[in-house]
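Right, one structure below, let's go through it.
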Amino acid sequence: MVAACANRRTRLLAQLPPGAVAVLHTAPEVARNGDSHYPYRYDSAFYYLTGFTEPESALVLVAARGDKPARSILFCRAKNPDREIWDGLRHGPQAARAAFGFDEAYQIEELDSSLVRLRDHAPSGIDLLPLLAEMRLVKDDVEQATMQRAATISALAHVRAMQHARAGLHEYEIEAELLYEFRRHGAQGQAYPPIVAAGANACVLHYSANNALARDGDLVLIDAGCELDGYASDITRTWPVNGRFTAPQRQLYQLVLAAQGAALDAVVPGRPYARIHAAALDVLAQGMLDLGLLDQNTCGSAADVIADKRHLQFYMHGTGHWLGLDVHDVGAYRHTGNAQAADQPQPSRALQAGMVLTVEPGIYVRPAPGVPEQYWNTGIRIEDDVLVTATGHTILSAAAPKSVADIEKLMQ
């Protein structure tokens, strides 16, 4: 990790103008109430370049100029034996410099005076975030290995939830199985608040209450992933709490699974990112017509459904997003800087090896006139974490079963 962070700093410094000074901060701890604090989470960009997890720290990067070499300087909290008795180890500047490979390190209180000296000779107006976003978009070997481990842990948690679920449990009881498995395998916590949605709750995209009963005949949609060493996983599985899909549930589920299969086929280096969503949408739109969710006499063909945006009644989100240090990770989805007419969107960027993204089609059927009643109050989403490789892709979350046969076999 130390070598990987040092390499990232070198790559970033090489992109800065001669003598430029860049500063990245990580936040202080925040009080929750009384003398209790929220669990601390470092800034993602800061951690990407440092691997340093202590609060109240800053990284200063000074680009090379003439015969003056580039420098990376850490500012952090001083050693404090009294506070360490209560809160644990503080590296302090000297130990941090040696352990994390910085050229220099000082106490955080010296940051302002140091910047005054540096800024007199530095160009201004540098926007660091786009450069970092492009770097973070393509994961190196260390990141890929961490994300594979995070996805595997999360997949095991989804398996545990399926195995321990039964009708009559509350959603939070099923959620507890997830959190247990995350921590049991060494993940530091959850990458985002889990969604555990039974029955009609699965039709609420960002459902968060997790307090309803899962009743016999309900599907349970779980969208949950752990965070491991700063990196997120993000998996969704949907399954019947009693272990058996009904015929209407199976029809909708197979449609979403087929849409995900088509989307995954589009995850190939050189293909445009937008093709992933388009591939899923083609399958879903046709399925909406075939199952009678949409009236073909009124809506026409699948292409007409998409053109008229009629699919939005049942599928209203995109088919994925970048994944990394943030669940919705940084990085542009379209090329920037190309000459385009003001009313024309920039073209979708091409996929390349090392990118990690989610692929997550879904369908959400709420009661409505003209919609077959057997599908009402059914929400289904299937989401995997996917690494783009040189020849295609690898599904990092493959350990979580998703075929009807595999789910029913596991739950029996």
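Derived value for region 16-75: Kirkwood hydrodynamic radius 13.0 Å. Basis is the mean of 1/r over every pair of different alpha-carbon atoms. Just checking the listed ones, Ala191, Ala167, Ala232: in the Gaussian network model of the chain with Cα springs under 10 Å, the one fluctuating most is Ala167.
Each 20 Å bin from zero up to the one holding the largest Cα-Cα distance in the chain carries the following percent of pairs: 24, 49, 24, 3. Here the contact order of region 75-186, divided by its residue count and restricted to Cα pairs under 8 Å and six or more residues apart, works out to 17 percent.
Using the Cβ-Cβ distance between Gln352 and Arg41 with R0 = 25 Å, the FRET efficiency computed as 1/(1 + (r/R0)^6) comes to roughly 0.30.
Estimated from the Cβ-Cβ distance and a Förster radius of 30 angstrom, the FRET efficiency linking Tyr172 and Ala258 is about 0.40.
Normalised by the number of residues in region 1-156, the mean separation of alpha-carbon contacts (under 8 Å, six or more apart) gives a relative contact order of 23 percent. Ligands, DNA and RNA are left out, and with a 1.4 angstrom probe the accessible area of the chain is 45 Å² per residue.
Here the Gaussian network model covers the chain, with springs between Cα atoms less than 10 Å apart; of Met355, Met316, Met162, Met316 fluctuates the most. Taking a ≥ b ≥ c as the square roots of the eigenvalues of the Cα gyration tensor, an a/c ratio of 1.5 or more together with a/b no larger than b/c marks region 277-341 as oblate. Name the long-range amide H neighbours of Ile235: under 5 Å, sequence gap of 5 or more, or other chain; modelled H, no Pro or chain starts. Result for Ile235 returns Ala224, Gly225. Working note: Cα atoms of region 138-254, range along each principal axis, descending, whole Å: 44, 27, 24. For the chain, modelled as a GNM whose springs connect Cα atoms under 10 angstrom apart, the maximal fluctuation among Leu252, Leu357, Leu213 occurs at Leu213. Largest first and in whole Å, the equivalent-ellipsoid semi-axes of region 352-412 read 31, 18, 7, each the square root of five times a Cα gyration tensor eigenvalue.
The values are calculated or read from the model by the stated rules, or taken from the named source; none is laboratory data. Because the structure is a prediction, the values reported are computed rather than measured. Glycine also receives a Cβ, built like all others from the backbone with ideal geometry; neighbour counts cover every protein chain displayed. Protein only, heavy atoms only, side chains kept; ligands, DNA and RNA dropped before computing areas. Shrake-Rupley method; radii C 1.70, N 1.55, O 1.52, S 1.80 Å.
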